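Below is one structure; the comments refer to it alone.
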Amino acid sequence: MNELIKVTYNNDRPTVLGRDLHSFLVVDTEYRHWFPRMCEYGFTEGVDFRSFLNESTGGRPAQDHQLTIDMAKEISMLQRTEKGKLARLYFIDLEKKWNSPEAVMARALQMANRKILDLQNRIELDKPKTIFADAVTASKSSILIGDLAKILRQNGYDIGQNRLFMYLRQNGYLIKSGASRNMPTQRSMDMSLFEIKETTLSNPDGSIRITKTPKVTGKGQVYFINHFLRMEVEIG
């Protein structure tokens, strides 16, 4: 049977436009009055149909509806006209073809192929991050926070050393103030994100002073890379 009414396939199910069906059935009543009357037969929005506004061609956008084939078939039957009977037979034939074993198998194969393709794309996108994470995790060397900022930029997150220090302080990774400012918080140390490197220096007067520098562990590097890239996806 030739296509009497245009059928679209949204969310892997066939639907028709309410206005297309109204036009085919040659209904005298205007669509804006006719469709609400049809809904009185027990059709539910979100289940049997979905409302939307057509793109404007200069005037006000007109309301239209996407109807399930079941709803379109019942509406056609309600018209009690030759056009209605023809439309009903058309939809019955379409349902038979849609639910045939061959059609069901073809849709299942298409869905499986889409999932495989999505998985392959995700693997390709994640490969650089995975390689980086594995390399960092295997490494026993810690890095300065400024070097972490450089790695973040290389991985697509635009942040400098000063902004990174500020973020780490504001979000409880580094101490905000006092003599221990910019040192890791207890929470960060418990998570093994940082270690503190102590360096002994000799002053000109012969006295000794000890400097402390926070360094990001391998585990911390992986944590912050994932943390900032995830934030970028959520913001984007």
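The values are calculated or read from the model by the stated rules, or taken from the named source; none is laboratory data. All values derive from a computational prediction rather than experimental measurement. Every residue, glycine among them, receives a Cβ derived from its backbone with ideal geometry; neighbour counts consider all protein chains shown.
Is there any pair linking a residue in the range 14-34 that is closer than 21 Å to L94 by Cβ to one that is charged (D, E, K, R), with Cβ under 6 Å and at least six apart or on different chains, and which? Going by the 6 Å Cβ cut-off, the qualifying pairs are L17/D64; G18/D64; R19/D64; D20/K6; L25/K83; V26/K83. Applying the condition of being among the hydroxyl-bearing types (S, T, Y) and at pLDDT 85 or above to the range 201-235 and asking which residue is surrounded by the fewest Cβ atoms within 10 Å (Cβ to Cβ) yields T211. Check whether at least one residue in the range 168-182 is out of contact with any Lys or Arg (no Cβ under 9 Å at 6 or more places or on another chain), within 22 Å of D147 (Cβ to Cβ) and surrounded by 16 or more Cβ atoms within 10 Å (Cβ to Cβ), and report yes or no. Yes, the range 168-182 contains a residue that is out of contact with any Lys or Arg (no Cβ under 9 Å at 6 or more places or on another chain), within 22 Å of D147 (Cβ to Cβ) and surrounded by 16 or more Cβ atoms within 10 Å (Cβ to Cβ). Where helices (runs of 4 or more DSSP H) fall entirely within the range 1-112, those with at least 1 residues that are surrounded by fewer than 17 Cβ atoms within 10 Å (Cβ to Cβ) and small (G, A, S) are at 18-25. Within the range 163-222, the residues that satisfy the criterion of being of a type in the set (S, T, Y) and out of contact with any Asp or Glu (no Cβ under 9 Å at 6 or more places or on another chain) are Y167, Y173, S177, S180, T185, S188, S192, T199, T200, S202, S207. With respect to (1) under 31 Å from the mean Cα position of the chain (by Cα); (2) at pLDDT below 90; (3) in the same structural domain as R230 (by TED's automatic domain parsing), the lone exception for K127 is condition (3). Note on the range 179-236: residues that are basic (K, R) and under 21 Å from M166 (Cβ atoms) total 5.
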